[in-house]
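The values are calculated or read from the model by the stated rules, or taken from the named source; none is laboratory data. What you see is a predicted model, and the numbers here were worked out from it, not measured in a lab. No Cβ is skipped: glycine too gets one built from the backbone with ideal geometry, and neighbour counts run over all protein chains shown.
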Amino acid sequence: MHKRTFLKGLTLAGMSLPFTKFSAEAHIAKHNHLPLEQIAGDEDFWAALRADYVLQENYINLESGYYNILPQKLLNKYIEHIKYVNSLGAYYMRTVQFENKKRVAAKLAALAGCDPSEIVITRNTTESLDTIISGFKWQAGDEAIMAVQDYGAMLDMFREVASRHGVVNKIVSVPLNPSSDEEIVALYKNAITPKTKLLLVSHVINISGQVMPIRKICDMAHAQGVKVLVDGAHAFAQLIYTIPELHCDFYGASLHKWLSSPLGAGILYVSKENQDSIWPLIGPSKSEEVGIAKFNHTGTHPVATDLTIEDSIEHYKLIGPANKQARLKFLQQYWTRQIMDIPGVVYNTPKQDSRICAIANVGIKGMPPATLAKTLFEKYKIYTVGIDTGNVVGCRITPNVFTTTKELDQLVAAIKELAAAAAV
């Protein structure tokens, strides 16, 4: 298609033209000298970035925790990569795809602060973590520790290894508003016995948004001779850290969440000293039997996604990790501080500044989460997801960099109205 025709098509569809790399760089450069707190709350700064998103006008999307919508800049890159791979066909798949994937994985390793020999690209967090859970060399009677608040797919895999290998699963419950890191560390420590082999912990609990003291948990577990597997689905490219500084043995994350890569991209980190102790999910070829490569025999898969990860990394760096983290935290506090202590409101996320990120969870007394989510969408045109598991009963609210405070004002007004009605 001719470029002019393509641009005309965008206009006819009512879509704004993409926020170009040059204009984005210039815009951000004008603000980067300002304090983070000022950038985080600068609506004009973030409105300019929002302009690169094509968003639905008939509802407010506050469920970015499932999948982060791609800005047009990245979506266009993704389409270009699909066309490129399609034009080369089998030639691409049999020649350059492997080196391209290694190059992108190396850039992810740099972003994660680890060695390229410790990280591979997967399809999602579930594949990454379940590779470790299923591939652990279990013996009957071995014990594993996890929390009822951990992601369901991981709990499902632990049930599977319990049935398959006779593993004993010990499930703890993380308090919604812990008094200290030590309280959480003690919770896991008290569950450990001489038979405990693996401990799963979420870096950010997906249903509540609670940020966990990962390094302290890892150091405690290692002192007891226990390996630690970390679910980083909601931490990677939202929080600022490196994987090695967490002291974990294994780490998995999804890139289609906070890195804004296309659907179907994740990472698996396995420290060098642990790579020989895990069976791969899919049998590797002879050339892949040693090291991290044995965890990456994926068969034929959508390789254009791998290429777009590289663009997503550059986009993340362009916005600025510190800017993004500060904005997401600002948005969470903007709305939660207005409703968390209102009668009739059930607040399911820690209040301490060190334990929060973009995600928070709120409920209305006497209203099932599914009903609350349905009401928010149908009456107030706000899309969320109802959560009713463990000790979390409410709706998960997840804004993104394109979310405005005006949209959150509508959420606050809706919650206040529903809480008032529930109190009658």
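Determine whether the stretch 401-417 contains at least one residue that is surrounded by fewer than 16 Cβ atoms within 10 Å (Cβ to Cβ) and either farther than 24 Å from Gly41 by Cα or not assigned by TED's automatic domain parsing to the domain that holds Gln56 (or both). Within the stretch 401-417 (the criterion being surrounded by fewer than 16 Cβ atoms within 10 Å (Cβ to Cβ) and either farther than 24 Å from Gly41 by Cα or not assigned by TED's automatic domain parsing to the domain that holds Gln56 (or both)), the answer is yes, since at least one residue qualifies.
Residues in the stretch 369-383 that are free of Cβ contacts under 8 Å to residues at least 24 places away in the same chain and touching a strand residue (DSSP E or B) at 6+ places or on another chain (Cβ under 9 Å) were compared, and the one that is surrounded by the most Cβ atoms within 10 Å (Cβ to Cβ) is Ala373.
Taking helices (runs of 4 or more DSSP H) that do not extend beyond the stretch 62-175, which have at least 2 residues that are more than 30 Å from His315 (Cβ to Cβ) and not assigned by TED's automatic domain parsing to the domain that holds Gly291? Let's see the steps before the verdict.
Working: elements: 72-88, 90-94, 97-112, 125-135, 152-165.
Fully inside the stretch 62-175 and qualifying: nothing.
Determine if the stretch 295-309 includes at least one residue that is without any contact (Cβ under 8 Å) to a residue 60 or more places away in the chain and in contact with a Ser or Thr (Cβ under 8 Å, 6 or more places away or on another chain). Yes, the stretch 295-309 contains at least one residue that is without any contact (Cβ under 8 Å) to a residue 60 or more places away in the chain and in contact with a Ser or Thr (Cβ under 8 Å, 6 or more places away or on another chain).
Against the conditions (1) within 24 Å of Gln332 (Cα to Cα); (2) at pLDDT 80 or above, Asn32 satisfies every one except (2).
For the stretch 26-61, filtering for residues that are touching a residue at least 24 places away in the same chain (Cβ under 8 Å) and either of a type in the set (S, T, N, Q) or in the same structural domain as Thr308 (by TED's automatic domain parsing) (or both) leaves 3. Of everything listed in (1) assigned to a loop (DSSP other than H, G, I, E, B); (2) among the hydrophobic types (A, V, I, L, M, F, W, C); (3) surrounded by fewer than 19 Cβ atoms within 10 Å (Cβ to Cβ); (4) within 24 Å of the chain's Cα centre (by Cα), the single unmet condition for Ala191 is (4).
One residue stands out among those in the stretch 250-289 that are in contact with an Asp or Glu (Cβ under 8 Å, 6 or more places away or on another chain) and in a loop (DSSP other than H, G, I, E, B): the one that is surrounded by the most Cβ atoms within 10 Å (Cβ to Cβ), which is Ala265.
Any idea which of Ser202, Ser134 is touching a residue at least 60 places away in the same chain (Cβ under 8 Å) and small (Gly, Ala, Ser)?
Numbers: Ser202 fails: touching a residue at least 60 places away in the same chain (Cβ under 8 Å).
On inspection, the qualifying residue turns out to be Ser134.
Just checking, does the stretch 81-101 include any residue being free of Cβ contacts under 8 Å to residues at least 24 places away in the same chain, touching a helix residue (DSSP H, G or I) at 6+ places or on another chain (Cβ under 9 Å) and within 18 Å of Thr404 (Cβ to Cβ)? So that I can check it myself, show each step before the final result.
Taking the stretch 81-101 and keeping what is free of Cβ contacts under 8 Å to residues at least 24 places away in the same chain, we get 83, 86-91, 94-96, 98-99.
Those left that are additionally touching a helix residue (DSSP H, G or I) at 6+ places or on another chain (Cβ under 9 Å): 83, 86, 95-96.
This time we only want the ones that are within 18 Å of Thr404 (Cβ to Cβ), so: none.
No, because not a single residue in the stretch 81-101 is free of Cβ contacts under 8 Å to residues at least 24 places away in the same chain, touching a helix residue (DSSP H, G or I) at 6+ places or on another chain (Cβ under 9 Å) and within 18 Å of Thr404 (Cβ to Cβ).
Across the stretch 55-79, which residue is nearest to Ala326 (Cα to Cα) among those that are crowded, with 18+ Cβ neighbours inside 10 Å and hydrophobic (A, V, I, L, M, F, W, C)? For the stretch 55-79, the residue satisfying everything is Leu62.
Residue check: is Asp142 surrounded by fewer than 14 Cβ atoms within 10 Å (Cβ to Cβ) and over 30 Å from Leu331 (Cα atoms)? Spell out how you get there, then give the answer.
Working: surrounded by fewer than 14 Cβ atoms within 10 Å (Cβ to Cβ): no; over 30 Å from Leu331 (Cα atoms): yes.
Spelling it out, it is not the case that Asp142 is surrounded by fewer than 14 Cβ atoms within 10 Å (Cβ to Cβ) and over 30 Å from Leu331 (Cα atoms).
For the stretch 305-356, the set of residues classified as at positive phi and either buried (at least 17 other Cβ atoms within 10 Å of the Cβ) or touching an Asp or Glu at 6+ places or on another chain (Cβ under 7 Å) (or both) consists of Gly344 only.
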